[in-house]
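Any read-out appearing in this document is the output of simple, stated calculations on the displayed coordinates, not a laboratory observation. Owing to the predicted nature of the structure, the values given are computational and were not obtained by experimental measurement. In this analysis, Cβ positions are derived from the backbone assuming ideal geometry, glycine residues included, and neighbour counts consider all displayed protein chains.
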Amino acid sequence: MTGALAGAGVAALRAPLAGTRGRRRLVVCAAARLLTAAGVRVEVHASPVAWPRTGPAPLVVANHVSWLDGLALLTVVPGVPVAKREIGDWPVVGRLLRRTGVVLVERGRLRALPGTVAEVADLLRAGTPVTVHPEGTTSCGVELGRFRPAFFQAAVDAAAPV
C-alpha cells in the first residue's frame with residue numbers, strides 16, 4: 001500500500017506536465033495501483049445497452065459502500081467523478097484529483113450547488129462522462145439511502161443519458 005501511495009504521489013507531481021487526457025490516465029493508473037495493493041480485483045461485465053457514441057456523455061450514477069468503490073469506478077468509467085470538497089484537501093489523492101478536474105461539491109453550502117450542477121452539465125455537453133454518488137454518503141450496502149436529485153438536473157440540462 002505504501003508503494004501504491006508513493007506512486008500516487010509521483011502521479012500528482014507529474015500531473016502538471018501532462019495534458020488533460022494524460023492527467024486522467026495518471027488517476028486511472030493510481031487508482032488501479034491502490035486497488036491492487038488493497039487486494040481488490042475489478043471485474044467488468046458488459047452492459048446490454050451500449051453507451052451513446054454521439055451527443056452528450058452519460059451521467060453515471062452509483063451508490064457506494066466504501067472509498068474502494070470510487071477507485072474501482074475510476075478504473076472502468078472514463079471521465080470525471082464528483083466528490084465531496086473535503087477530498088480535495090487530502091494530501092496526495094486530493095492534489096491529484098484536483099489537477100485532473102474532479103468536480104468538488106460543497107455539501108454544506110446549498111447556495112454553491114447550482115454552480116456545481118452547471119459545471120457537471122457543461123462537462124456532459126462537452127462529451128466528458130461524469131460519475132456521481134447521489135446518496136452522498138457510504139453505507140453498508142444492505143439498503144439504499146435517499147438519492148439527492150441535484151445532479152440528475154445536470155443530465156436533464158445537458159440532455160444526457162443516465
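With R₀ fixed at 25 Å, the C-beta to C-beta distance from THR36 to ARG85 puts the FRET efficiency at about 0.35. Coupling constants for the stretch 31-44 follow from the phi torsions by the Karplus curve (6.51 cos²θ - 1.76 cosθ + 1.60, θ = phi - 60°), and in residue order they are 4, 5, 5, 5, 5, 4, 5, 7, x, 9, 10, 9, 10, 10 Hz; glycine and proline get x.
Loop-located GluC sites (Glu not before Pro) in the stretch 36-129 (DSSP state other than H, G, I, E, B) with a sparse environment of at most 11 neighbouring Cβ atoms within 10 Å: GLU43. The C-alpha atoms of the stretch 48-92 occupy a region whose extents along the principal axes are 37, 21, 16 Å, arranged from largest to smallest. A straight chain from ASP69 to VAL49 at 0.36 nm per residue would run longer than the Cα-Cα distance by 5.0 nm.
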